[in-house]
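So that we are looking at the same thing, I have put the structure below in structure tokens.
The values are calculated or read from the model by the stated rules, or taken from the named source; none is laboratory data. This structure is a prediction, so every number in the text was calculated from the model and none was measured. Cβ atoms come from the backbone with ideal geometry, glycine included; neighbour counts cover every protein chain shown.
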């Protein structure tokens with residue numbers, strides 16, 4: 001039971017982090033794209049901007065061609081549109097989980113039930129993320145792939161601020 005609970009909690013945390021950082025798409029080089037974020041929360045805006053910055057930095061590092069850059073923009077725009085379908089479902093999950101967190105006594109079973117109720121949405125979000133990553137890697141040349149792999153490995157070794 002304890003292992004099952006820890007797996008469910010870990011997947012919930014992963015899913016919530018995926019949902020909050022799910023905006024990778026570039027906005028046609030219109031500054032930072034603030035015009036289209038009127039309805040997003042401030043934390044979502046920050047994570048979207050961070051992910052856009054990180055993607056642009058990776059594209060510069062890999063020295064993508066103009067055609068590759070256009071393909072990347074199309075890939076991430078399509079992923080963004082796919083994620084928008086799940087937005088309401090994930091917002092409902094987040095609101096309901098916040099209600100559970102605010103109660104005086106934490107009801108583990110209610111959270112597990114809530115988590116399992118939204119499992120399809122979480123799986124769909126993870127699938128979209130994996131497909132997007134695969135499509136990005138597939139458009140890279142044979143010289144760019146090892147360069148990206150080494151960059152990601154060096155980023156994993158870098159210490160984080162919260163540690």
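Based on this model, can you work out whether residue 124 counts as more than 29 Å from residue 155 (Cα to Cα) and at pLDDT 85 or above?
It is false that residue 124 is more than 29 Å from residue 155 (Cα to Cα) and at pLDDT 85 or above.
For the stretch 85-95: of the residues being at pLDDT 90 or above and surrounded by fewer than 16 Cβ atoms within 10 Å (Cβ to Cβ), which is nearest to residue 135 (Cα to Cα)?
Filtering the stretch 85-95 for residues that are at pLDDT 90 or above and surrounded by fewer than 16 Cβ atoms within 10 Å (Cβ to Cβ), the one nearest to residue 135 (Cα to Cα) comes out as 91.
Picking from 84, 90, which residue would you name as being under 16 Å from the mean Cα position of the chain (by Cα) and free of Cβ contacts under 8 Å to residues at least 12 places away in the same chain?
84
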